[in-house]
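All remarks here apply to the structure that follows.
None of the figures in this text is laboratory data; all of them are computed from the coordinates on show. In this text, all values refer to a predicted model and were calculated from it rather than measured experimentally. With ideal geometry, Cβ positions are generated from the backbone for all residues, glycine too; neighbour counts draw on all protein chains shown.
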Amino acid sequence: MNVPDVQNLLERLNNLLRMEVRSFGLKYGLQPVQIEALTYLTRCNRYSDTPQAVTEYLGLTKGTVSQSLKVLEQKEFLRKQQDTEDKRITHLAVTAKGKKLIEHSLPAKSLETALGKIRAGQGSKLEEFLRSLLREMQHIHNRKTFAACHTCRFNEHHGKGYVCGLTKEALSGHEIQLICREHEYPS
Ligand code: SF4
């Protein structure tokens, strides 16, 4: 494998995807980072919908993320909600308008079309390869994995349902598909 070539390919793909996100966002007066923050918030679980988690996920400064969240709130794509038990915690809830926007933005139309031309077997191998690559890169950079709950080492299946071994709280079938800032892969 030629590593500079792989890097070049990944950067070019990233540029194309960002161009598409940029042009989609412009229609709504949103920057790519704002679309990314909103996308994250539609996919994360209840332990991960805070400004701090968005900052960690995007790997940006607190100031940039805070500005982006303010714009999303002003445009009514999300609203702040105080935690019912711990008043110090603020959750970011995506509104119906925000959910609709993300439904329209994903997946990128060009990616959907391009992948449709690749044979099914190749597509799933590509997904597996990219997932492994991301996992290794996150490990090298010592970054949180932010992966789906059902792949977490703390996810416990007890006959009738699921429980988070970390918080000891029950998890629904929907919640185990969401991403979590406390996620850790089994060793
Ligand atoms: S099982 Fe893991 S991923 Fe799921 S909620 Fe608990 S810590 Fe998060």
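Taking the square roots of 5 times each eigenvalue of the Cα gyration tensor of the chain, largest first, gives ellipsoid semi-axes of 27, 24, 16 Å.
Kirkwood Rh over alpha-carbon pairs of region 61-152, then Stokes-Einstein at 25 °C and 0.890 mPa s: what D in µm² s⁻¹, rounded to an integer?
D = 146 µm²/s.
For the chain, the dipole from Cβ point charges (+1 on Lys and Arg, -1 on Asp and Glu) about the Cα centre works out to 440 debye, to the nearest 20.
Taking the Cα centre of region 119-187 as reference, the dipole from Cβ charges on Lys and Arg (+1) and Asp and Glu (-1) amounts to some 140 debye. Taking 2.2 N^0.38 Å as the expected size of a compact globular protein, what ratio does the Cα radius of gyration of region 119-187 give against it, to two decimals? In units of the 2.2 N^0.38 Å rule of thumb, it is 1.26.
Per-residue 3J(HN,Hα) values for region 127-144, derived from phi via the Karplus relation 6.51 cos²θ - 1.76 cosθ + 1.60 with θ = phi - 60°, read 4, 4, 4, 5, 5, 5, 4, 4, 4, 5, 5, 5, 5, 4, 8, 6, 9, 5 Hz in sequence order (x marks Gly and Pro). Peptides 54-66, 143-155 ordered by packing proxy, namely the average of other Cβ atoms within 10 Å per residue, highest first: 143-155, 54-66.
Farthest toward the positive end of the dipole of the chain, out of Leu10, Leu126, Ala93, is the Cα of Ala93, where the dipole comes from beta carbon charges about the Cα centre. Normalised by the number of residues in the chain, the average gap of Cα pairs under 8 Å and 6 or more apart makes the relative contact order 20 percent. The mean sequence distance of close C-alpha pairs (under 8 Å, at least 6 residues apart), as a share of the length of region 119-187, puts its relative contact order at 34 percent. Positive end of the dipole of the chain (Cβ unit charges, origin at the Cα centre): among Phe154, Thr61, Ala170, the Cα lying farthest that way belongs to Thr61.
Taking each residue as 0.36 nm, the span from Lys125 to Arg22 lengthens on full extension beyond its C-alpha to C-alpha distance by 34.2 nm.
Here the Karplus relation 6.51 cos²θ - 1.76 cosθ + 1.60, evaluated at θ = phi - 60°, turns the backbone of region 153-169 into coupling constants of 5, 8, 6, 10, 9, 10, x, 7, x, 10, 9, 7, x, 7, 9, 6, 9 Hz, with x for every Gly and Pro.
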